[in-house]
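I have placed the structure first, in the form of structure tokens, so that the comments after it can refer back to it.
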Amino acid sequence: MPQRAAIYARISSDQDGASAGVRRQVEDCRRKAESLGWTVAGEYVDNDLSAYSGKPRPEYQRMLADVADGLIDGVLVYNLDRLTRRPAELEAFADAMTAAGVRHVKFVTGDLDMGTDDGLIMGAFAAKESANIGRRVRRKMDEVAAGGRPHGGSTRPYGYASDFVTVVPEEAEVIGQIVARFLAGEFSRSIATWLNDQGVRTVRGKPWVTSTLKGILTNPRYAGLRAHRGEVVGPALWEPIISEEDHRRILATYAEKKLTGSSQLRV
């Protein structure tokens, strides 16, 4: 019976930053450890990190290091796909457990022997399902874009309501002034200063900076165009706030700036 067990928790996306998902995993693992009579020596949490992308997971790596150093003699995870979604990584995990002599690896959602072929097969299925989900999501996003519908998200675009379609008149007026000033030759820094002096704030309630302004000025959505994967795919379902002609003039200005490399051109 493990006397120095590790709890590992992970979630791929935590949009509100509240860590609620990983917190629930840890709580369930604690209850599981208590029911098994395991002593928990450490908790390792990777929040807002995918296990399929291959990006480094600091807490996962720290747990493996502690296992290798003999500090951990058991591992408890909510579900196999929280541990990994990549077959190669699952094999590496199993090898690390074998090398350290750790025979106890359990999951809240069901028992699985990581030292058997069945364990590795389950990991392969988890990886395959993750890839299938990714393909379904991309196909759905392609369909939404082709129809001119908004993608949505956690933060509405400035100038539009939370449905991403309805124009907010007072904000649309601000965007119109921003565009007019920019096309008249005013520097972005000066426009940002003007907005902040007027008490105008972004949708997140923050002061304006040049990068935020550029994001609005170059975004085709404000000309009533639907962009997807960096390209305009057609007209959008929402009403435009600026004309397509002004949108093209703005892009041409930024293209000229990039081409010349001039730090004096509307920086």
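The values are calculated or read from the model by the stated rules, or taken from the named source; none is laboratory data. If you're wondering where the values come from, they're calculated on a predicted model, not measured in any experiment. Cβ atoms come from the backbone with ideal geometry, glycine included; neighbour counts cover every protein chain shown.
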What is the one condition in (1) surrounded by 13 or more Cβ atoms within 10 Å (Cβ to Cβ); (2) within 21 Å of GLY148 (Cβ to Cβ); (3) not hydrophobic (A, V, I, L, M, F, W, C) that THR210 does not satisfy?
(2)
Taking segment 199-243 only, how many residues are in contact (Cβ under 8 Å) with a residue 40 or more places away in the chain, out of contact with any Phe, Trp or Tyr (no Cβ under 7 Å at 6 or more places or on another chain) and part of a helix (DSSP H, G or I)?
4
LYS257 being part of a helix (DSSP H, G or I), surrounded by 15 or more Cβ atoms within 10 Å (Cβ to Cβ) and touching a Lys or Arg at 6+ places or on another chain (Cβ under 8 Å):
yes
Sole exception among (1) out of contact with any strand residue (DSSP E or B) (no Cβ under 9 Å at 6 or more places or on another chain); (2) at pLDDT below 95 for LEU225, by number
(1)
Just for helices (runs of 4 or more DSSP H) wholly inside segment 34-102: which have at least 2 residues that are of a type in the set (Gly, Ala, Ser)?
58-68, 87-100
Pairs under 8 Å by beta carbon, first residue within 18 Å of ASP246 (Cβ to Cβ) in segment 164-192, partner among the small types (Gly, Ala, Ser) and assigned to a loop (DSSP other than H, G, I, E, B), six or more apart or different chains?
VAL167/GLY159; VAL167/ALA161; GLU171/GLY159; ALA172/GLY159; VAL174/GLY159; ILE175/GLY159
Hits in segment 217-259 (condition: of a type outside the set (A, V, I, L, M, F, W, C) and within 23 Å of the chain's Cα centre (by Cα))
THR218, ASN219, PRO220, ARG221, ARG226, HIS228, ARG229, GLY230, GLU231
Please enumerate the residues belonging to segment 138-163 that are in contact (Cβ under 8 Å) with a residue 24 or more places away in the chain and not in a loop (DSSP other than H, G, I, E, B).
MET141, ASP142, ALA145, ALA146, TYR160
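For segment 101-119, check the following and say yes or no: at least one residue is at pLDDT below 75 and either surrounded by 20 or more Cβ atoms within 10 Å (Cβ to Cβ) or over 22 Å from PRO2 (Cβ atoms) (or both).
For segment 101-119, residues at pLDDT below 75 and either surrounded by 20 or more Cβ atoms within 10 Å (Cβ to Cβ) or over 22 Å from PRO2 (Cβ atoms) (or both): present.
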